[in-house]
Each structure stands twice: as C-alpha cells, then as structure tokens.
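For reference, the structure is listed below as structure tokens.
The values are calculated or read from the model by the stated rules, or taken from the named source; none is laboratory data. What you see is a predicted model, and the numbers here were worked out from it, not measured in a lab. Note that we place each Cβ from the backbone using ideal geometry, even for glycine, and neighbour counts take in every protein chain shown.
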Amino acid sequence: MYKEQNDALLEIRRTYGQLQLAETKTDGLSLPDRLRAMNRPLLAWYGSHARVLPWREDPQPYRVWISEIMLQQTRVEAVKPYFERFMEALPDVQALAEVPDDRLMKLWEGLGYYNRARNLKKAAGLVMSRYGGRMPSEYSELLSLPGIGSYTAGAISSIAFGRPVPAVDGNVLRVISRVAASREDILKASTKRRMEDALRQTMPADQASSFNQGLIEVGALVCVPNGQPKCKECPFFSICLARQQKLLGQIPVKTPPKKRRIEERTVCILECGGQVAIYRRADTGLLASLYELPNKEGYLKQDQLAEAFGFSEGDVTEITPLPEAKHIFSHVEWRMKGYYVRLSGGLPGDCTAAGKQQLKQVYALPNAFGAYTKLIK
Ligand code: ADE
C-alpha cells in the first residue's frame, strides 16, 4: 500500500514537473490560435502606427505593384523618390509596356537587380495583351506574370483588391517565426509555404490589406532585422514565444548563404574634351544591357592600360590612380582599382562618348561604378 501511494505521488510529481516545463516553454496556444491571436492587436496597432507612404495614399494596383518591386530592393526612404519619378514618367501599365529599354534602365538606375525592371516591362506587356491593360486581382493570375512571386502576388491582391491572401516576405517571416518561436530556416521555400498556408487560415478575411501591411510595418519598425527588437512597443508583446523564452537572438534561423566569389577589376575613366568613354554591356548576364565604364578583370599596372583599354600612350596628357572601391552583388564581389586617364587624340573608336549631362540623363550606369562615376570631372 505504502509503495502504491509512493508511486502515485511520484507520478503526480513527474506530471507536475512536465507541466511546469511546458509552462516555461509555451503559454499553451496552438500555432493557429497564436496566429489568430495576432489579428486584433495588429490591426489596432497598425491603425495608429502606419507610416504615410505614397503608395498607401492611393493604393491602385499598378502603384502597389511598382512599389512592392522597388521595396524588394531597398529601404522605404530610398524608394520614395524612385517611385515618384517612375510614376511621373510611366503613369500606367501601357506606358510601362511601351517604354524603350534604355529609358526604363535609366529610371531604375541605382536600384540594382535590373532584371526586376525588365520583368516589370514584360509583365506589363502581358497585362496589356491578356487583360486589356487592367491588372488582374486574382492571386493565381498575378502569380503567372514574370517577376511576380507569392509575396508580390499576395501584396497586390490584398492591398489593392482586398483579397484575403497573405503576403509573406523576409520581414513577415521574421515576425511570425519569433511570435511562434519557430526554428525553421526562413530561407527555405518550404518554411515560407507553411507560413503562408497557416496565415491563409487565420488572417482576418475582411482586413487583408491592413493585416498584411501591419505585419510588414511591425517587421520594419519594431521587430527589426538588425539590432534589438523593440518589444515594449510591439503589439505581440504578450503572445510572442521567442520573447518569453529569451530566444530573440536565435530566431529567425537563417542558414548562412554561400560565400561570394571575389573578382578583382581595373576601371578606367577615359576622358577627352569633356566626354568619357562608356560601353554597353552584353544583353545577358550580370548588369545585362546597361552601360559601364571601361573595365577589365584583374589589377592592371599603369603601363598595361593603353593596350588593355585601346588608347595610345602618346595621347595621354594625364594619368592618375583613383581610390580603390568595392561593390557587392548577390553572388560576386568586385574589388576595383581605378585610373583617370585624360587623352588628347580622341576616345577609343568602339566606345560611346558621353558628356556629363548625358551620363546623368540618358545612359544607365549601375551603382557598381558609382565610386568612379562621381569622380568624373
Ligand atoms: N516593404 C515591403 N512592402 C512594403 C509596403 N507596402 N510598405 C512599406 N514597406 C514595405
């Protein structure tokens, strides 16, 4: 009898111990319930914290589309002037479908990932031919257009048309992973799909635009990617498991990306009579079809420049080394050394000669050369 009582007591203690452990691990909400518990505080918070942004003031589908593609490249503040300029130059789908490529590249100059701009134009052509110039509202139709993935399709469909579909980008993945203390790698497509599926079940169907933009906003302003999250300001303070479990430093989980290849390059500003030499890059590959300053792979010595860049030593009136610069692409990093070469007898015959004003207004020179283009006299 005594032994039975003792065993029962031990069992109760064990169960209680497990419960206590469970208490410290979770507050008992299932994942769908936890996601559902985000809805109300998020909408209330967004109502009073949403930033006033040009694409929010007037969320027409075309404007939402362009802003979302631009926002995949850089910060909100940097996007604003690009967005306004783009809208003024290409106010609708038809204008985008018909814009000459060089003009499009000029409008995109500095934003990077130029294929995104090319896809915008391709997709605009399809919106013209398939839908008579009106952006489709359905998630699946949007998803079928070039350059529109699940995030952008969800953003356009929900923000511009109020459809109840999620828009899950890296910021949203970070917020949700933390709230749910999920250790799934957010760089995996399967993680994103699972989050999208879960949110589709739990997001408020009649407030999809505010819900999605609210999550984006929490990711941008509160649950920030670099540095301490501002938990005291967070609408999810009381339901966030990563905060409760002190896991904010470990979540989200991201497997480190592969190392970038380092490429050494020599860049020349070749100048003659107030014009500099530029070249159009090949139509495929890195920075396809954009213009570039003359550049070659490897670090060239001063006495190798004439042969490599196609000018004659006798024409040189000035040659000055320029500061080193680097530019990081997604898979490669350029480490550049540069020279300023002033010529008296003309620029190489195969180049495009451009004055300073033309460089500003006509030719798209990517940021990769920014450290040197700003030195053009
Ligand atoms: N980042 C991505 N999409 C955004 C949006 N619609 N508003 C603000 N920041 C964003």
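Just a few scattered comments:
- Residues that are near the ligand (Cβ under 9 Å from one of its atoms) and without any contact (Cβ under 8 Å) to a residue 60 or more places away in the chain within the stretch 42-65 comprise Leu53, Trp55, listed in sequence order.
Condition check ((1) part of a strand (DSSP E or B); (2) modelled with pLDDT of 95 or more) across all residues:
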site: Arg243; (1), (2): no, yes
site: Thr255; (1), (2): no, no
site: Lys258; (1), (2): no, no
site: Glu263; (1), (2): yes, yes
site: Gly285; (1), (2): no, no
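- Index of the failed condition, Lys230 passing every other in (1) exposed (fewer than 15 other Cβ atoms within 10 Å of the Cβ); (2) of a type outside the set (S, T, N, Q); (3) in contact with a Lys or Arg (Cβ under 8 Å, 6 or more places away or on another chain): (3)
- Any hit, the stretch 253-264, residues being within 30 Å of Trp45 (Cα to Cα) and either in contact with a strand residue (DSSP E or B) (Cβ under 7 Å, 6 or more places away or on another chain) or touching a residue at least 24 places away in the same chain (Cβ under 8 Å) (or both): yes
- The set of residues in the stretch 324-351 being touching a helix residue (DSSP H, G or I) at 6+ places or on another chain (Cβ under 9 Å), under 19 Å from Phe309 (Cβ atoms) and surrounded by fewer than 16 Cβ atoms within 10 Å (Cβ to Cβ) consists of Glu324, Ser344, Gly345, Gly346.
- Annotation: Phe369 fulfils all but one of (1) out of contact with any helix residue (DSSP H, G or I) (no Cβ under 9 Å at 6 or more places or on another chain); (2) surrounded by fewer than 19 Cβ atoms within 10 Å (Cβ to Cβ); (3) at pLDDT 95 or above; the unmet one is (2).
- Filtering the stretch 323-353 to residues that are among the hydrophobic types (A, V, I, L, M, F, W, C) and under 31 Å from the mean Cα position of the chain (by Cα) leaves Ala325, Ile328, Phe329, Val332, Trp334, Met336.
- Pairs where the first residue, in the stretch 151-167, is under 16 Å from Ala198 (Cβ atoms) and the second is within 13 Å of the ligand (Cβ to nearest atom) and acidic (Asp, Glu), C-beta under 6 Å, 6+ apart: Tyr151/Asp169
- Qualifying residue in the stretch 205-216 (condition: more than 16 Å from the ligand (Cβ to nearest atom) and under 25 Å from Pro59 (Cβ atoms)): yes
- Checked against the criterion of being within 15 Å of Phe86 (Cβ to Cβ) and of a type outside the set (Asp, Glu), the stretch 159-182 contains not a single residue that satisfies it.
- Subset of the stretch 77-104 [within 13 Å of the ligand (Cβ to nearest atom) and of a type in the set (Lys, Arg)]: Lys80
- Residue in the stretch 66-76 that is within 11 Å of the ligand (Cβ to nearest atom), buried (at least 19 other Cβ atoms within 10 Å of the Cβ) and small (Gly, Ala, Ser) present: yes
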